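Shown next, in structure tokens, is the structure this report addresses.
The values are calculated or read from the model by the stated rules, or taken from the named source; none is laboratory data. Given the structure is predicted, the values throughout are model-derived calculations rather than measurements. With ideal geometry, Cβ positions are generated from the backbone for all residues, glycine too; neighbour counts draw on all protein chains shown. Accessible surface areas use protein heavy atoms only, side chains included; no ligands, DNA or RNA. Shrake-Rupley method; radii C 1.70, N 1.55, O 1.52, S 1.80 Å.
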Amino acid sequence: MSKSYETTFRVRYSETDQMKVAYHPNYIIWFELARIAFLRELGFTYGEMEEDGMHLPLVEIRCRYKHPARFDDEITVRARLAQMRTSLLRFRFEVVRTCDDRLLAEGESVHMVVGNDLKPTRLSDKYRGAFEAAAGKVNG
């Protein structure tokens with residue numbers, strides 16, 4: 001099983017509708033925040049990957065809403081690497097209300113690994129080991 005990485009923050013007023021419920025597209029943005037934090041926990045930034053010619057364009061996104069997040073709720077978004085293939089990474093996410101760990105949403109994003117030419121490529125050795133460790137793969 002892969003390790004989960006977390007980021008915690010409060011729902012901002014600008015992210016809510018008139019009923020002070022988080023507007024649904026914000027969950028996708030929160031997934032991205034968690035994915036970027038995940039990369040930092042691995043020891044590098046997405047910006048560094050781009051500078052090295054490694055890009056991770058989104059090719060699929062899914063979100064299932066369970067319960068509403070509301071203005072000023074403290075929420076935690078958990079991200080984990082669910083699948084790693086030669087030129088594909090699949091992340092899974094859970095959004096929970098921090099005070100009671102209630103599951104508010106879950107989803108996943110799928111990213112192709114491409115080079116500067118936008119053609120599929122393998123992760124470079126510089127990054128592959130960290131992703132394999134996060135995915136729980138045994139080297140050998």
### Surrounding net charge for Arg80, when Lys and Arg each add one and Asp and Glu each subtract one, Cβ distance under 12 Å
0
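What does the charge count around His111 come to, taking other residues whose C-beta lies under 9 Å from its C-beta (Lys +1, Arg +1, Asp -1, Glu -1)? Numbers along the way, then the final one.
Numbers: positive: Arg35, Arg90; negative: Glu60.
That works out to +1.
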### Summary
Taking the dipole of the chain about the Cα centre (Lys, Arg +1; Asp, Glu -1; charges at Cβ), the one of Pro25, Pro68, Leu39 that reaches farthest to the positive side is Pro68
### Task
Pop out the Kirkwood hydrodynamic radius of the stretch 1-84 from its pairwise C-alpha distances, inverse of mean 1/r, in Å to one decimal.
14.3
### Message
If a paramagnetic tag sat 7 Å from the Cα of Asp72 along the Cα-Cβ line, which residues of the stretch 17-34 would have the backbone N under 17 Å from that point?
### Response
17-22
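Taking all protein chains in place and a 1.4 Å probe, what share, in percent, of the accessible surface of the stretch 44-107 do carbon and sulfur account for?
Values: 1360 of 3250 Å².
In the stretch 44-107, the share of accessible area belonging to carbon and sulfur is 42 percent.
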### Query
Can you list the HN-Hα couplings for the stretch 104-120, worked out from phi with the Karplus curve (6.51, -1.76, 1.60; θ = phi - 60°), rounded to whole Hz and with x for Gly and Pro?
9, 7, 9, x, 8, 10, 10, 10, 7, 9, 10, x, 4, 7, 6, 9, x
### Message
I need the phi-derived Karplus couplings for the stretch 33-49: 6.51 cos²θ - 1.76 cosθ + 1.60, θ = phi - 60°, integer Hz, Gly and Pro marked x.
### Response
4, 5, 5, 5, 5, 4, 4, 4, 5, 6, x, 8, 10, 5, x, 5, 4
#### Entry: Calculated SAXS-style log₁₀ I(q)/I(0) at q = 0.24, 0.29 Å⁻¹ - the stretch 75-140, Debye, Cα scatterers
-0.99, -1.19
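Could you give the length gained by full extension between Arg40 and Ala133, i.e. 0.36 nm per residue of separation minus their alpha carbon distance, to one decimal place?
On the way: separation 93, 0.36 × 93 = 33.48 nm, distance 1.41 nm.
Length gained, Arg40 through Ala133: 32.1 nm.
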### Summary
Long-range amide H partners of Thr16, meaning residues 5 or more apart or on another chain whose placed amide H is closer than 5 Å, are Tyr23
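Can you give the local net charge around Ile29? Use residues other than it whose beta-carbon is closer than 12 angstrom to its beta-carbon, Lys and Arg +1, Asp and Glu -1.
Numbers: positive: Arg12, Arg35; negative: Glu15, Glu32.
With Lys, Arg at +1 and Asp, Glu at -1, the neighbours total 0.
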### Task
Mind giving me the FRET efficiency for Tyr23 and Asp125? R0 is 30 Å, r the Cβ-Cβ distance, nearest 0.05 is fine.
0.15
### Message
Going Cα to Cα from Lys66, which aspartates and glutamates come in below 20 Å? Please leave out same-chain ones fewer than 8 positions away.
### Response
Glu6, Glu15, Asp17, Glu32, Glu74, Glu94, Asp100, Asp101, Glu106, Glu108
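With the contact rule set at Cα under 8 Å and sequence spacing of 6 or more, what percent relative contact order holds for the chain? Show your work: numbers first, answer last.
Working: 272 pairs, mean separation 40.7, N = 140.
So the answer I get is 29 percent.
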### Message
Please list the three semi-axes, largest first and in whole Å, of the ellipsoid equivalent to the stretch 39-114, using sqrt of 5 times the eigenvalues of its alpha carbon gyration tensor.
### Response
27, 15, 10
### Message
Cut-off under 12 Å on the C-alpha distance; same-chain residues fewer than 8 positions from Lys20 excluded. Which aspartates and glutamates are left, in chain and number order?
### Response
Asp72, Asp73
